[in-house]
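Each remark here refers to the structure printed beneath this line.
The values are calculated or read from the model by the stated rules, or taken from the named source; none is laboratory data. Please read all numbers here as calculations on a predicted model, not as lab measurements. Counting neighbours? That spans all protein chains shown, and the Cβs are built from the backbone with ideal geometry, glycine included. In case anyone asks, the SASA skips ligands and DNA or RNA and just uses the protein heavy atoms, side chains included. Shrake-Rupley method; radii C 1.70, N 1.55, O 1.52, S 1.80 Å.
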Number of protein chains: 2
Amino acid sequence: MRTPSELTQLFREQGLKVTPQREAVFRALGGSVDHPTAESVHAAVTAEMPNVSLRTVYQVLNDLAGMGEIHALELGTGAARFDPNVDTHHHLVCTVCGKVRDVYVDPVAVPVSALGFTVDSAEVVFRGRCDDCAPVLH
Amino acid sequence: MRTPSELTQLFREQGLKVTPQREAVFRALGGSVDHPTAESVHAAVTAEMPNVSLRTVYQVLNDLAGMGEIHALELGTGAARFDPNVDTHHHLVCTVCGKVRDVYVDPVAVPVSALGFTVDSAEVVFRGRCDDCAPVLH
DNA sequence: ACTCTACCGACAATGATTGTTGATTGACAA
DNA sequence: TTGTCAATCAACAATCATTGTCGGTAGAGT
Ligand SMILES: [Mn+2]
Ligand SMILES: [Mn+2]
Ligand SMILES: [Zn+2]
Ligand SMILES: [Zn+2]
């Protein structure tokens, strides 16, 4: 995701207004490394600016995803997670606490043998337990 | 997934009754290669045996998944897909028509560098377009 | 033949997300 | 500076997949 000021410019170019609510979402996402849900983003935003509706947060997140500035991750953990890191990378998902971490794996071999299919993207999800949740080995 | 008759035995061992409804789900799954949704399984079952409720189909699918006989795939396409193939493999998902195909890729390099995380499983999802949905190149 | 699980129909409830509406505000172009 | 229209608000309703519940019935296994 670009910087808040670059996003400001981008939104203006698209004919979209730069409102305080949108700027607050920009900042909340920018300073996040934990793949927040819409609810988390909303919590972060309302901490600084109450009365911002969850509906509006969803709108902004969808706008940003539509512009390719963030990615929406469907990890099968209930709510979607939003990722401001759009560089090629993959994820470690803790099946206990739900935390999501970035991981950079060697490029996945695209199945050339998969005739009859044009691959656009590949995503790898590793599931397991983070250190906080790993069973204690006495 | 094992054969219907093996599943019959397994269910009996678990103290579960082998009802016609359960057998119908066994058969519907066994003869499927397209990763059906619960709704699809229900449709296949009611074709032979009307009055089987969707609720019951969900029950049987969850039972089978609990026993590790099938896998529930959360591919971010709305409904869960159920997979009777529990051998290690991965998936091609058509972003146009939603079809899901199996693909066997070289073992994904587990990120040894991911210190502080114990990996239990890795799943790879390739998204793209199947031949039926690929744009026609004149 | 008896018992108790499984199933039925018929709904209600869940949780994440989106739709809607009518009123108000405020960003930005003129 | 001002006028306009997009954006937002609160407050709900609706969606979709899935699960819960319940009273009544059927039938699988002993
Ligand atoms: Mn990430
Ligand atoms: Mn499969
Ligand atoms: Zn954890
Ligand atoms: Zn297709």
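List of remarks:
- Just one of the listed residues (A:G66, A:G98) is more than 10 Å from every other protein chain (Cβ to nearest Cβ), open to solvent by less than 30 Å² (accessible area, probe 1.4 Å) and within 22 Å of B:G78 (Cα to Cα), and it is A:G98.
- Boolean, A:E48 is more than 14 Å from every other protein chain (Cβ to nearest Cβ), open to solvent by 50 Å² or more (accessible area, probe 1.4 Å), more than 30 Å from A:C94 (Cα to Cα) and within 13 Å of DNA strand D (Cβ to nearest atom): no
- Failed item, numbered, when A:L75 is tested on (1) surrounded by fewer than 20 Cβ atoms within 10 Å (Cβ to Cβ); (2) among the hydrophobic types (A, V, I, L, M, F, W, C); (3) closer than 22 Å to A:T8 by Cα: (3)
- Some residue of segment B:104-114 being within 14 Å of chain A (Cβ to nearest Cβ), out of contact with any Phe, Trp or Tyr (no Cβ under 6 Å at 6 or more places or on another chain), closer than 19 Å to A:L115 by Cβ and open to solvent by less than 50 Å² (accessible area, probe 1.4 Å): yes
- Yes/no for B:E74 being among the acidic types (D, E), within 16 Å of DNA strand D (Cβ to nearest atom) and at the interface with chain A (Cβ under 9 Å from one of its Cβ atoms): yes
- Boolean, A:E39 is modelled with pLDDT of 95 or more, open to solvent by 50 Å² or more (accessible area, probe 1.4 Å), away from ligand 2 (no atom under 16 Å from the Cβ) and over 16 Å from the mean Cα position of the chain (by Cα): no
- All told, A:A134 falls short of being part of a strand (DSSP E or B) and facing chain B (nearest Cβ under 10 Å).
- Matching option when the condition is away from ligand 4 (no atom under 16 Å from the Cβ) and touching a Lys or Arg at 6+ places or on another chain (Cβ under 9 Å), among B:V105, B:V119: B:V119
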